[in-house]
Amino acid sequence: MAICLNGPLNVFRRCSKNTHLKYPKIEPYFISYIRAATNTRKWSISAENNLTSDPSRLHQHPNRRTKFHPEKLFGMEYERKIEDVRHLLQSKAENDPRESLVLVDSIQRFGLNSYFQEEIGTILQQFYKTTNDRIYGFYNLHDVSLLFRLLRQHGYYISADVFNNFKGKDGKFRERLSLDIGGLMELYEAAQLSFEGEYILDEAANFSSKILRQRVAADQVVSNWSQTITNKLGHPYHKTIPRFTEKDFFQDFQWEKTLRELAIMDLHKGRSVYQEELRQISEWWKELGLAKSLKLARNQPVKWYTWSMAGLIDDISLSMQRVELTKSMAFVYLIDDIFDLYGEVDDLRIFTEAVNKWDYTAIDMLPDYMKMCYRALLDTTNGIANKVTRYGVLRNFSKYMKCYCSWAQIVEWASLCEAFLVEAKWLASGNLPTADLYLENANVTSGAHVVLVHLFFLLGLGGGTIHLNDISQIISSVATILRLWDDLGSAKDENQDGKDGSYIECYTKDNKGLSVVEVRQHVIDMIENEWKILNKECFCVNQSTTLSFKRASLNLARMVSVMYNYDGNQRLPVLEEYVKFMLFN
């Protein structure tokens with residue numbers, strides 16, 4: 001039975017749809033052993049009862065006869081597979097440059113690029129050195145588009161003008177390209193890395209997507225390509241978590257058995273780490289007791305953890321960071337619910353004043369239902385700052401930097417509550433602001449600023465050449481993408497009964513006469529433009545010290561569409577599939 005992510009953790013429930021992943025047929029013993037250990041029966045949270053009531057159940061694997069110990073299983077075999085792929089990469093780079101690019105792309109789609117950063121960097125550097133208007137002598141649409149995308153993804157600037165080579169005298173893309181389905185798919189993927197003002201990439205995205213959709217609708221493609229095209233149009237690589245599309249890539253990928261084997265091993269190795277982290281989060285959440293004291297608030301540790309897991313999926317070693325980031329994520333949701341579902345404006349004003357004070361003595365000024373949450377917020381945030389400065393990567397920094405870390409986190413919590421209060425006053429008065437004013441405030445209420453500032457310090461940044469001001473636009477773009485996607489959603493999270501405003505409502509009020517379709521298209525266009533701004537900022541902030549933060553920010557932006565992709569039944573089937581694939585079987 002499948003799991004449905006709709007409501008608190010304890011309402012993951014059984015569904016009739018069978019979404020069990022079928023892995024490729026790989027015969028070696030270690031792959032067979034993985035299957036025997038993990039696939040005896042399908043595993044869902046509902047089968048383990050309520051995880052929040054007994055988090056230890058997460059590690060009680062369903063197959064009691066064959067316990068799965070990835071740390072014992074992988075060992076030398078795992079390392080040997082990594083070396084095999086490394087040698088394959090080096091061989092392709094020397095003997096078949098085009099195939100080396102395809103292999104690099106495959107490694108990325110399997111989420112394995114962290115093991116081969118040096119080799120991938122060497123390959124792309126060589127291509128970049130020899131690039132000209134025809135980019136490395138490649139002439140066909142597929143190869144030019146693939147190289148363009150890979151170079152931009154890895155911080156090498158290449159002009160979008162290279163695609164002028166595929167235009168006719170009329171300035172439009174040549175009609176004969178409509179026959180090149182593989183090339184059109186790669187062109188669409190490449191166009192996702194556009195910056196503001198790169199109109200040729202806008203043309204490329206429109207040209208390729210239009211033809212691909214027409215071909216699928218008219219059934220003019222080979223049957224096994226139809227779903228691949230649909231997947232690429234719906235989840236282009238640059239705007240999608242790599243692991244999210246991995247299950248489809250397992251089925252499509254028929255090239256190199258060693259790479260598939262390594263990907264399966266890596267998936268299960270990561271899964272054991274993520275399950276342990278989720279267990280820690282569930283225990284922490286249960287011990288806080290806030291789910292019992294604030295029964296109307298969301299009780300979703302799995303959903304909160306999924307944000308952190310996806311954001312920091314590129315580095316399995318960042319376990320502490322994922323766990324601590326999830327805690328800040330939980331309080332963003334919780335405080336949102338207090339403002340949305342519980343408090344009157346006067347109570348919310350007092351709560352905001354208390355957060356600005358950031359002092360345990362302020363507890364006495366709060367209504368009873370807020371006291372437990374306020375104390376837990378201070379305890380948790382101070383605990384995160386203490387871990388970062390005492391045990392984490394900032395432990396050798398100056399006393400000033402440690403104070404700066406704590407101060408920055410507190411400022412963000414105060415700003416979040418002040419923005420929530422502004423929104424509460426608007427809704428209480430019944431007077432909606434202009435769309436621009438709403439979005440300026442909603443950028444803060446998205447919670448992205450709180451989360452990404454916490455992440456900034458959790459990753460050990462702030463004490464060197466990079467400062468918060470340097471990444472402020474990245475944070476703002478992620479926040480805007482999140483807020484607009486949230487407001488674009490057709491259903492409210494968890495069917496809550498609280499009041500909530502939306503950009504769509506405000507924009508409709510400002511632009512009377514526009515249809516619902518026109519307003520929604522305007523919001524979609526805004527999201528697309530914000531992605532262009534984010535692309536440029538991530539490209540410009542390209543110091544090696546910020547690489548982990550940049551990747552995490554992009555991953556959180558990529559995860560937004562998964563988190564707010566409601567279906568007609570107010571469920572999140574896409575998120576359900578992702579959670580099931582990454583954490584369960």
Label-to-label distance, nm, for residues given as Thr434 and Asn386 (7 Å Cα→Cβ offset): 4.7
Label-point gap, in nm, between Leu341 and Tyr139 - each point 7 angstrom along Cα→Cβ: 6.3
Sequence-distant residues sharing a close amide H with Gly447 (under 5 Å, placed H): none
In order through the range 97-110: 3J(HN,Hα) via Karplus (6.51 cos²θ - 1.76 cosθ + 1.60), integer Hz, x for Gly, Pro: x, 4, 5, 5, 5, 4, 5, 4, 4, 5, 4, 5, 5, 7
Residues with amide H under 5 Å from that of Gly460, placed H, sequence gap 5 or more: none
Stretch gain in nm, segment Thr258-Asp368, where the contour uses 0.36 nm per residue and the Cα spacing is subtracted: 33.7 nm
Accessible area of the range 289-584 belonging to carbon and sulfur atoms, whole % at 1.4 Å probe: 51
Solvent-accessible heavy-atom area per residue, rounded to whole Å², over the range 235-361 at 1.4 Å: 33
Separation of the Ser544 and Glu79 label points, Cα + 7 Å toward Cβ, nm: 2.4
Chain lengthening between Val221 and Asn164 when straightened (0.36 nm per residue, less Cα-Cα): 17.9 nm
Note, ³J(HN,Hα) from phi for the range 465-473, Karplus 6.51, -1.76, 1.60, rounded to Hz, x at Gly and Pro: 8, 10, 10, 4, 4, 5, 10, 5, 6
Cα centre as origin, Lys/Arg/Asp/Glu Cβ charges: the range 141-212 dipole, Debye: 160
The range 320-364: chymotrypsin sites (Phe, Trp or Tyr not before Pro) in DSSP coil with no more than 11 other Cβ atoms inside 10 Å: none
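Let me check I've understood the local charge: for Trp358, count other residues with C-beta under 14 angstrom from its C-beta, Lys and Arg +1, Asp and Glu -1. What total comes out?
Within the 14 Å Cβ shell, the charges total -3.
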Low-density loop cleavage sites - chymotrypsin sites (Phe, Trp or Tyr not before Pro) in the range 406-450, where at most 10 other Cβ are within 10 Å (DSSP): none
Modelled FRET efficiency - R0 25 Å, Trp407 with Arg375, Cβ distances, 0.05 increments: 0.80
Residues whose placed amide H lies under 5 Å from that of Gln300, excluding near-sequence neighbours: Leu9
Total charge dipole magnitude, the range 70-258, about the Cα centre, Cβ charges on Lys, Arg, Asp, Glu only, Debye to nearest 20: 380
In order through the range 443-458: 3J(HN,Hα) via Karplus (6.51 cos²θ - 1.76 cosθ + 1.60), integer Hz, x for Gly, Pro: 4, 7, 5, 4, x, 5, 5, 4, 5, 6, 5, 4, 5, 3, 7, 4
Selection of trypsin sites (Lys or Arg not before Pro), the range 265-320, meeting DSSP coil and at most 15 other Cβ within 10 Å: Lys295
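The values are calculated or read from the model by the stated rules, or taken from the named source; none is laboratory data. No experiment lies behind these values; they were computed from the predicted model shown. Note that we place each Cβ from the backbone using ideal geometry, even for glycine, and neighbour counts take in every protein chain shown. Each accessible area value is taken on the protein alone, full model and side chains, heavy atoms only, with ligands, DNA and RNA left out. Shrake-Rupley method; radii C 1.70, N 1.55, O 1.52, S 1.80 Å.
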